[in-house]
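Report on the structure given below.
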Amino acid sequence: MKNKIFYLIVLILTISNGQVNTYSPYSYFGIGQLYHINNTTNISMAGLGVTLLNQYSLNLVNPSSYSSLKQTSFDIGFSSSFLELTKENLNQKNFVSSLSNLSLGFPISEKIGVAFALLPYSRVGYNVVNEDLSNDETGLITSRHTGSGGLNRFLFGVGTQIIKSLSIGINFNYIFGPINRENDIFTQNSNTEFKEINLLTINDGNFDFAMLFTHLINDYNIHIGTTFCPKTTLKGNSSLFQHTYITSGNYESFLDTIMYLDNNAVEMTLPSNYSVGIGVGLKNNWFIGLDYKHTKWDEYHITTEDDNNYLHNQNQFIVGGWVIPKETDIHNYFNRVKYRFGISYTTGYLNLGDFHESGGGNDILQDLSISTGLALPINKVKSKINLGLRYGLRDSFQSDLNNIKEKYFDIYFSITLNEKWFKKRKIE
């Protein structure tokens, strides 16, 4: 199994390098469309994870949970997303599919577990065209803004049980990837066009700290968890190329360089965030939890941008859980299936009021989604197939404002394989 996993990782990294992963116009802002822990298990419960604990699968949201691992757990997941954008009478539909997570965790002692994972951190993908007829001399002015790329996260984490009911953990996140943005401007009465290409590349890391407390009251498990990531400055570099050109059919003929800056050192300040959660469950039967996460996006700053006032502190509320009708039922397979569910409400990250002609105001981007999923057991060592569905709306939900409305329907699929890698040999 070890060799198969290694070759699979190399193949997936090669295939997934050039994918278009989103078409959201909101990915124009900040570092793009944000992705938290993106595996099928958590997404099926709307992102719940601060209080989750499982001996046979990874919960990357809270690294304290690694201490409970009893077997090696390998998880590979894919996602497909159907996105519909609407504004007034305009409508656009898109479809994207990509790798959603690749993770591996295993115990190194009875009280210590480690994990590795590759996950998306943010995604950028947009194509926005704006037309303006404000000057009879230049005629119609057309601006086209396109973006691609995004940031990825390679995670290494350790969790340890320090006393019977209390575990702590830490994730080191190496954040890397390019964000490419292009701006084209051309006018109706001139054949000369202007293009600006801005490439930002980040290669640096930060840490997540976590704690998980569990306590048994009668037959009920009470879980209380928290995570914290401090404000971090990540280093990278950027390049800027501005030039003019003329077009002939599908070909561009270069005219003149206006500005060229290459390999400029940049610093990106990612904001601090914390989350707290509480959950209650009956062992191998059901669990329900509540998570709250706060991210201080007013701390975000990047040296290549002068003004980030459009970013707004973000709050996320999640209610989710799972139920297994009867795990020991050998006659009815569907009684052994784990059924997951959840609802999530997020407000913040973008204040769309700063972009209205009326001059701003409070118009905070909001995201409301519902999720469900299944964990289908496939053998006696707790391996499983995970299926997840999520439907959501992204808008300010203010009917008097002319914002772009996003509807999305996501399908998640993953396989979790469990195996004992470390066995004590006995000499008879």
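The values are calculated or read from the model by the stated rules, or taken from the named source; none is laboratory data. Predicted, not measured: the structure shown is a model, and the values here were computed from it. No Cβ is skipped: glycine too gets one built from the backbone with ideal geometry, and neighbour counts run over all protein chains shown.
Working only within region 225-255, note down all residues that are surrounded by 10 or more Cβ atoms within 10 Å (Cβ to Cβ) and not in a strand (DSSP E or B).
230, 231
Among the residues that make up region 256-266, is at least one of them surrounded by 15 or more Cβ atoms within 10 Å (Cβ to Cβ) and touching a Ser or Thr at 6+ places or on another chain (Cβ under 9 Å)?
Our first condition is that a residue be surrounded by 15 or more Cβ atoms within 10 Å (Cβ to Cβ); within region 256-266, this holds for 266.
Then keep just the ones that are touching a Ser or Thr at 6+ places or on another chain (Cβ under 9 Å); that gives 266.
The answer is yes, given that some residue of region 256-266 is surrounded by 15 or more Cβ atoms within 10 Å (Cβ to Cβ) and touching a Ser or Thr at 6+ places or on another chain (Cβ under 9 Å).
Please determine, by comparing only the residues of region 312-343 that are surrounded by 19 or more Cβ atoms within 10 Å (Cβ to Cβ) and farther than 17 Å from residue 287 by Cβ, which one is farthest from the chain's Cα centre (by Cα).
Checked region 312-343; the qualifying residue farthest from the chain's Cα centre (by Cα) is 312.
Being free of Cβ contacts under 8 Å to residues at least 60 places away in the same chain, in a strand (DSSP E or B) and within 24 Å of residue 52 (Cα to Cα) narrows it down to one of 170, 222, so name that one. If you could, list the steps in order and put the result at the bottom.
On the way: 170 fails: free of Cβ contacts under 8 Å to residues at least 60 places away in the same chain.
Selected residue: 222, the only one of 170, 222 that is free of Cβ contacts under 8 Å to residues at least 60 places away in the same chain, in a strand (DSSP E or B) and within 24 Å of residue 52 (Cα to Cα).
Is it fair to say residue 425 is part of a loop (DSSP other than H, G, I, E, B) and either of a type outside the set (A, V, I, L, M) or at pLDDT 95 or above (or both)? I'd like the intermediate steps shown before the answer.
Details: part of a loop (DSSP other than H, G, I, E, B): yes; either of a type outside the set (A, V, I, L, M) or at pLDDT 95 or above (or both): yes.
Against the criterion (part of a loop (DSSP other than H, G, I, E, B) and either of a type outside the set (A, V, I, L, M) or at pLDDT 95 or above (or both)), residue 425 qualifies.
Can you find even one residue in region 205-215 that is over 28 Å from residue 53 (Cα atoms), surrounded by 15 or more Cβ atoms within 10 Å (Cβ to Cβ) and not hydrophobic (A, V, I, L, M, F, W, C)?
Narrowing region 205-215 to residues over 28 Å from residue 53 (Cα atoms): none.
So far as region 205-215 goes, no, none of its residues is over 28 Å from residue 53 (Cα atoms), surrounded by 15 or more Cβ atoms within 10 Å (Cβ to Cβ) and not hydrophobic (A, V, I, L, M, F, W, C).
How many residues, within region 46-89, are over 15 Å from the mean Cα position of the chain (by Cα) and among the hydrophobic types (A, V, I, L, M, F, W, C)?
Residues in region 46-89 being over 15 Å from the mean Cα position of the chain (by Cα) and among the hydrophobic types (A, V, I, L, M, F, W, C): 10 in total.
Which residues, taken from region 295-351, are free of Cβ contacts under 8 Å to residues at least 40 places away in the same chain, out of contact with any Leu (no Cβ under 9 Å at 6 or more places or on another chain), under 20 Å from residue 32 (Cβ atoms) and of a type outside the set (S, T, N, Q)?
301, 305, 306, 307 - these are the residues of region 295-351 that are free of Cβ contacts under 8 Å to residues at least 40 places away in the same chain, out of contact with any Leu (no Cβ under 9 Å at 6 or more places or on another chain), under 20 Å from residue 32 (Cβ atoms) and of a type outside the set (S, T, N, Q).
Would you confirm whether or not region 160-176 contains a residue that is within 24 Å of residue 30 (Cα to Cα), of a type in the set (Gly, Ala, Ser) and at pLDDT 90 or above?
Taking region 160-176 as the starting set, the residues that turn out to be within 24 Å of residue 30 (Cα to Cα) are 171-176.
Remaining after also requiring of a type in the set (Gly, Ala, Ser): none.
No, every residue in region 160-176 fails to be within 24 Å of residue 30 (Cα to Cα), of a type in the set (Gly, Ala, Ser) and at pLDDT 90 or above.
So that you can scan it fast, the table gives a plain yes or no per residue for (1) charged (D, E, K, R); (2) at pLDDT below 75; (3) outside any loop (DSSP other than H, G, I, E, B); (4) within 30 Å of residue 117 (Cβ to Cβ):
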| residue | (1), (2), (3), (4) |
| --- | --- |
| 357 | yes, yes, no, no |
| 370 | no, no, yes, yes |
| 376 | no, no, yes, yes |
| 393 | no, no, yes, yes |
| 402 | no, yes, no, no |
| 409 | no, no, yes, yes |
| 421 | no, yes, no, yes |
